[in-house]
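The values are calculated or read from the model by the stated rules, or taken from the named source; none is laboratory data. Predicted model, so just to flag it, every value in this text is computed and none were measured. Note: ideal-geometry Cβ built from the backbone for every residue, glycine included; neighbour counts use all protein chains shown. Calculation scope for accessible area: heavy atoms of the full protein, side chains included, ligands and nucleic acids excluded. Shrake-Rupley method; radii C 1.70, N 1.55, O 1.52, S 1.80 Å.
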Amino acid sequence: MLSVSKDVAMNSSSSRKNPAYKSGHKTGCGTGALTTVAAFALLALFPACRVHSQSLADRLKGVQSGHEGPAGPKLPDWKAVSAATSSMTIPLVKGLIVSGAQAGDEGDREQIRTIKDTSQKDVTLVVEWDTPSGNPNQPPTRKTTTRIVDLADLATSHRFMTYFVIGQTEHYPGANGFAASTEILTQLRAGQASEFDFEANPSPLASIMADQSHLVGWNGHPMNKCSLHRVGATDVAVPMLVNSAKVELPVLHAMCSLGGTDEAHFYFLDQPSNPIVIAGQVSGEISQMVKIEFPENVPAAGSSMEQALAEKKPVQIYGIYFDFNSSTIKPDSEAVLKQISDILHKNPDWKLSVAGHTDNIGVASANQQLSQRRAAAVKDALVSRYGIAPDRLTTGGFGASRPIESNTTLEGRARNRRVELQRE
């Protein structure tokens, strides 16, 4: 997931014939699809489309067995919570950013979910992800969608709208779109089963293979109907970067059967006030969140970074978001850039080095160049937008040569992709 998933495209006439589609969604892959809106699987959850070289028969066998290819992807085997697990609260507030990672042949791609607004009746969520162009000389295509979720549904709904439609503002009263409801989490915590409907995969292949006895309709949308139950007696501790700090969050693992050997697994933040989906797996497709950012007390947040720089300790920054395989800085990065600039304005005699780092996916020389361009882009943003003198900043790039965690996991690679500040 990071960034994200592949888009789903389909012939519009097929959408009317197949009950697993809904208006506005596309299914199937390829460049020959019509230009109507495409769909994207939730939270980078359960990408609905992949590029396949297998025959249809082999793909059908893969779906039946719960995965496609010789070995389906798996979520990590997270350990049980312990005294080291964080008790921090992740607030459902304007400015909350949750980003997920999706592993792809070209590297991990990010999907960024941002709470753009809250009111006394609803929450507005914007989802953004990049689709690689396939041409190294062309930038990725940036895609966004907006979802409005009623607070009443965050409290009690048992429905989950899994797919987002590109370029639209969607509102489905009666359903959630990024979290379990407080009621579901409360039932699971108590060891009770919880009825749960989540939108069915619009892929034609998945539709053919679906157990029809587990599909129901709701407001014109096909839904998987199942009964969630908790897995294990305790939460699991999921590694997460929260405001650039590595922590472990308590996460409740729930699952349900979709018929035959098909199962759906959901991992909810065990926090009744904001039980966001941290990870999920359905029929071999996985999703995993790797970073969370939210507004804190700015002086306190700034003082932590400032203190480390005052002591000439390196500071790892994860709240600066870049387009996929690019040095273009996303708008979601402004809060962190401002925080850095505030520290530099407060300490006018300080000079900083800005270093870019990547994971190890791809060619080493390309990663080296990318890390250099990203460091330079951070300097340019601080100079051009925040008035920092250019001679106060030096830049460098180290590619994948200085990992701080294993590159074998999504969360490890996310931690290795970073900007590092050091006071000179």
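What the table shows:
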{"item": "Extension reserve of the residue 307-residue 273 stretch, reckoned as 0.36 nm per residue once the Cα distance is removed", "result": "9.0 nm"}
{"item": "In range of the label at residue 349: residues from segment 380-424 whose backbone nitrogen is under 20 Å from the point 7 Å along Cα→Cβ", "result": "388-394, 422-424"}
{"item": "Normalised convex hull volume, segment 101-244, alpha-carbon set, Å³ per residue", "result": "175"}
{"item": "Length gained when the stretch residue 142-residue 216 is fully extended (0.36 nm per residue, less Cα-Cα span)", "result": "23.3 nm"}
{"item": "Spacing of the two label points (7 Å from each Cα toward its C-beta) at residue 135 and residue 74, in nm", "result": "4.1"}
{"item": "Order of exposure, largest accessible area first, which applies to 312, 346 with probe 1.4 Å", "result": "346, 312"}
{"item": "Ranking by accessible area, most exposed first, for 131, 186 with a 1.4 Å probe", "result": "186, 131"}
{"item": "Apportionment of accessible area to carbon and sulfur, segment 132-235, percent (1.4 Å)", "result": "51"}
{"item": "Residue-normalised accessible area of segment 359-403, given per residue in Å² at a 1.4 Å probe", "result": "51"}
{"item": "Restricting segment 302-406 to GluC sites (Glu not before Pro) in coil, as DSSP defines it, with at most 13 other Cβ within 10 Å", "result": "311"}
